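J.: One structure coming up, written as structure tokens, with questions to follow.
What follows is calculated from the coordinates using simple rules that are stated; it is not laboratory data. Remember, predicted model here, so these are calculated numbers, not experimental data. Methodologically, a virtual Cβ is constructed for each residue, glycine included, from the backbone with ideal geometry; neighbour enumeration extends over all protein chains shown.
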Amino acid sequence: MQTTSTFESVLRGMAITVIILFFMFPIFWIFLMSFQTNETILRVPPSPFFEPTLTNYRSLISGRLEGSTATLEIAFMSNLYNSLFLSVTSVTVGLLLGVPAAYAFARLKFRGSEDIAFTLLSFRFAPPLLVLLPLTIYFQQIGLADTYGGLIWVYQLIVLPLILWIVRGYFEDIPADIEYAYRIAGHGFWATFRKIALPLAGPGIAAAGLLAFIFAWNNFIFALVLASADKQPVTVGALAFITASGINYGQIAAGIMLSIAPTFALALYAQRYLVEGLSLGAVKG
Amino acid sequence: MSDVMLNLDAVDKFYGPIDKGVHAVRNLSMTVTRGEIIALLGSSGCGKTSTLRMVAGFEAVSRGRISIGGREIHTLPPVQRNVAMAFEGYSLYPTVTVRDNIAFALKRGNFSAVDVAAKVDEVAEMLEISAILDKYPSSISGGQQQRASLARALIRDADLYLLDEPMGQLEPQLRTLLRGRIKAYIKERGLTAILVTHDQTEANALADRIAVMEDGELQQFASPEDIKKSPANLFTGTFVGEPPMNVFPARTSISETTVSLRLDGDVELSYPVDAFSAELRTRLTEMGEVVLGVRPYAVQRRETGSPATVVANQWLGDQSHIAANFAAGSLVLVEHDRTQLVEDQQIAVHLEPSDLHIFNPKTGMAISHGARLVG
């Protein structure tokens with residue numbers, strides 16, 4: 001039992017409050033903005049009291065931005081769908097490729113395994129812009145530019161190293177004897193991987209998948225350069241809110257709320273796995 | 001049906017490239033007969049676990065051949081070798097209970113649920129784990145996990161049972177009790193087992209034959225009695241036996257009437273010439289310098305003899321271990337009474353020719369045991 005004085009616990013409570021305010025206030029303010037018109041947002045001094053309106057959300061969902069001078073057609077909902085589709089498929093592909101690779105790197109020490117693993121990690125070092133120019137040319141030559149397939153492939157640069165390195169640590173934490181015991185009891189290599197290694201590394205795989213999803217969802221630059229309007233995710237689509245006639249803050253705020261909703265919900269639901277998965281070993285000795 | 005259950009033929013194990021990497025097992029050949037219990041005994045890193053893992057199929061054999069029951073298995077995956085193995089550390093499936101862990105080993109056999117339950121109960125009772133059968137591995141102690149792993153191995157119907165330090169984490173009383181039970185269980189069923197251990201008491205108690213390993217090499221493969229009585233070399237002599245054998249370098253000189261062994265510190269051991277065989281005398285003359293070994297319990301304290309000074313005297317409850325300065329080195333002797341000796345006390349010791357082990361100082365190989373030439 002840990003003993004803490006009242007003073008300490010009060011201090012700790014204050015520190016937590018400050019941290020929560022620091023991180024949550026912008027999101028809270030955007031949440032408020034999303035229910036306001038441009039006029040109430042831009043008034044001086046700002047005030048948290050206003051008459052809420054759903055116009056921002058209505059125009060986003062219907063795809064028609066009612067500006068002060070004209071009506072603009074935007075594809076926010078299809079951007080949202082693109083984001084979802086790209087992130088889910090990329091993470092799925094990343095897990096299918098990355099988990100067996102992570103297992104191989106963790107269990108089978110083959111020649112050059114460390115070098116290959118490091119090379120994969122080094123993809124994360126390169127500035128995306130540097131990669132993008134040659135990639136655009138290649139993609140145009142082989143017909144992958146402006147396709148979902150091409151984007152998902154490029155997204156592997158983001159998700160694969162992440163999954164590989166997190167999951168590898170997990171597999172390394174499983175005592176090899178558990179797998180040996182299963183194999184010697186009459187099971188093949190593949191069955192051991194599926195029945196023993198995968199379930200034991202489950203929390204780690206879930207955490208890696210979740211993180212990879214968030215990273216893929218937040219990606220901007222790859223999609224901006226490699227995808228045209230109908231394939232663009234919400235991060236790129238949000239640029240449409242900056243129009244010639246001004247910036248519609250209310251609609252941007254609503255757009256932000258809609259676009260962070262899936263990752264926010266996922267993170268809330270899975271935060272236990274995330275914290276456990278990233279901080280604890282799979283099997284405690 | 002052949003009587004040979006396991007045969008290792010010139011097996012080498014390298015970690016890393018062959019001939020360049022770490023040479024963990026060197027040119028190991030040994031044959032295990034059906035129904036035998038064998039102990040691989042050695043200190044950490046001597047290659048005993050590598051050997052076991054090559055037999056199990058978790059480590060590739062770098063060179064040589066392994067066969068079980070006449071069937072070459074060293075290239076087969078573990079699943080096809082039909083061996084059972086008990087593990088030293090954490091090897092239980094964490095997601096199922098201890099009972100399921102043990103029963104699991106039988107799932108692939110054709111047993112009814114009732115049979116499986118009966119078998120699990122029997123082996124659990126033998127290993128004193130009946131009370132924890134419905135617990136999960138994470139909530140039981142290391143010793144209990146070890147016994148569960150042992151149960152999971154012993155319950156199977158395999159050609160060969162590999163036991164990797166199966167009792168390392170048990171309390172001494174339980175260890176003694178289980179040793180007897182496990183041996184009886186294996187012997188009753190005529191199973192063939194290989195035990196890896198660094199505990200010589202365990203090897204002596206369980207094994208029919210002990211393979212002493214050091215630095216990847218098999219030093220001696222013989223019954224516990226033979227290893228005690230006739231250690232093949234200096235390593236086996238000093239490694240097996242508790243407390244360890246006393247060793248002293250000696251120079252030999254043989255006259256018409258006496259065989260004299262001169263130790264450092266002006267200690268001279270003289271024996272009548274007929275205490276040693278003629279061949280041994282010739283050999284000792286040839287050698288000139290030898291290494292003398294004597295077991296602590298064979299050192300006799302007498303009225304007259306070579307002088308020694310007591311350094312320490314420990315009463316262990318059933319025997320006294322006396323350490324003394326002797327022949328510019330140290331000597332340990334064991335007595336079964338509670339000896340009243342104090343520090344710095346002068347004593348006289350006598351070494352019987354029949355208790356002497358003589359080794360070649362260059363090769364370490366045994367020359368004679370009890371005044372009889374080896375080989």
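J.: So for chain B, considering every pair of alpha-carbon atoms, how many percent are separated by more than 29 Å?
T.: Value for chain B: 52 percent of Cα pairs lie more than 29 Å apart.
J.: Which order do the peptides B:181-187, B:120-126, A:111-117 take when ranked by the mean count of other beta-carbon atoms within 10 Å per residue, highest first?
T.: B:120-126, B:181-187, A:111-117
J.: For segment B:1-58 and segment B:151-220, what is the separation of their C-alpha centers, rounded to whole Å?
T.: Taking the Cα centre of segment B:151-220 as reference, the centre of segment B:1-58 is 16 Å away.
J.: Modelled label-to-label distance, residue B:138 and residue A:27, 7 Å Cα→beta-carbon offset: nm?
T.: It is 2.8 nm.
J.: So between residue B:20 and residue B:205, what do we pick up on full extension, going 0.36 nm a residue minus the alpha carbon distance?
T.: That works out to 62.8 nm of additional length.
J.: By average Cβ neighbour count within 10 Å, what is the ranking of A:260-269, A:242-251 from highest down?
T.: A:242-251, A:260-269
J.: Collect residues whose amide H, placed 1.01 Å from N in the peptide plane, falls under 5 Å from the amide H of residue B:196; neighbours closer than 5 in sequence don't count.
T.: B:40, B:163, B:164, B:165
J.: Pick from A:30, A:20, A:256: which is most flexible by mean-square fluctuation in a GNM of chain A where alpha carbon atoms under 10 Å apart are linked?
T.: Greatest mean-square fluctuation among the candidates belongs to A:20.
J.: In nm, to one decimal, how far is the residue B:257 label point from the residue B:27 one, both placed 7 Å along Cα→Cβ?
T.: 4.8
J.: Sticking with this structure for a sec: Among B:185, B:136, B:111, whose Cα lies farthest out toward the positive end of the dipole of segment B:4-239, if unit charges sit on the beta carbon of Lys, Arg (+1) and Asp, Glu (-1)?
T.: B:111
J.: Let me ask something else. Given R₀ = 45 Å, FRET efficiency for residue B:72-residue B:374 by Cβ-Cβ distance, to 0.05?
T.: Calculated value: 0.85.
J.: Across peptide B:85-97, how many C-beta atoms of other chains are within 10 Å of each residue C-beta, on average?
T.: 5
J.: Would you calculate, for chain B, the mean residue ellipticity at 222 nm contributed by helices, counting each DSSP H stretch of 4 or more residues as -39,500 (n - 2.57) and dividing by all residues, to the nearest 500?
T.: Roughly -7000 deg cm²/dmol at 222 nm, from the helical runs in chain B.
J.: So how do B:29, A:59 line up by other beta-carbon neighbours within 10 Å, fewest first?
T.: Ascending Cβ contact count within 10 Å gives the list B:29, A:59.
J.: For segment A:207-240, which chymotrypsin sites (Phe, Trp or Tyr not before Pro) are in a loop by DSSP, counting at most 15 other Cβ atoms within 10 Å?
T.: Within segment A:207-240, the qualifying chymotrypsin sites (Phe, Trp or Tyr not before Pro) (loop, at most 15 other Cβ atoms within 10 Å) are A:220.
J.: Which value, in debye to the nearest 20, describes the size of the charge dipole of segment A:76-279 about its Cα centre when Lys and Arg Cβ atoms bear +1, Asp and Glu Cβ atoms bear -1, and nothing else is charged?
T.: Roughly 240 debye for segment A:76-279.
J.: In what sequence, highest mean first, do B:265-274, B:337-346, B:193-202 appear when ranked by Cβ atoms within 10 angstrom?
T.: Highest mean packing first, the order is B:193-202, B:265-274, B:337-346.
J.: Suppose every K and R has +1 on its Cβ and every D and E has -1 on its Cβ; what is the size of the dipole of segment A:6-73 about the Cα centre, in Debye to the nearest 20?
T.: Using Cβ point charges on Lys, Arg, Asp and Glu, segment A:6-73 gives about 80 debye.
J.: Place a label point 7 angstrom from the Cα of residue A:136 along the Cα-to-Cβ direction, then list the residues of segment A:217-238 whose backbone nitrogen is under 12 Å away.
T.: Of the residues in segment A:217-238, A:222-228 have backbone N under 12 Å from the label point off residue A:136.
J.: Once you've got the Cα coordinates, tell me which of B:20/B:48; A:109/B:107; B:107/B:135; B:13/B:229; A:109/B:13; B:48/B:135 are over 24 Å apart.
T.: From B:20/B:48; A:109/B:107; B:107/B:135; B:13/B:229; A:109/B:13; B:48/B:135, over 24 Å: A:109/B:107; B:13/B:229; B:48/B:135.
J.: Now, a different point. Summarise the partner chain shielding of A:183-193 as one whole number: the mean count of Cβ atoms from other chains within 10 Å of each residue's Cβ.
T.: Across A:183-193, the average partner-chain Cβ count within 10 Å equals 6.
J.: Also, quick follow-up: Placing +1 at every Lys and Arg Cβ and -1 at every Asp and Glu Cβ, with all other atoms neutral, what dipole size does chain B have around its Cα centre, in debye to the nearest 20?
T.: Around 1140 debye, computed over chain B.
J.: Order of B:13, B:119 from fewest to most other C-beta atoms within 10 Å?
T.: B:119, B:13
J.: Which whole number gives the average, over all residues in B:73-82, of C-beta atoms from other chains lying within 10 Å of the residue C-beta?
T.: Other-chain Cβ atoms within 10 Å of each residue's Cβ, averaged: 3.
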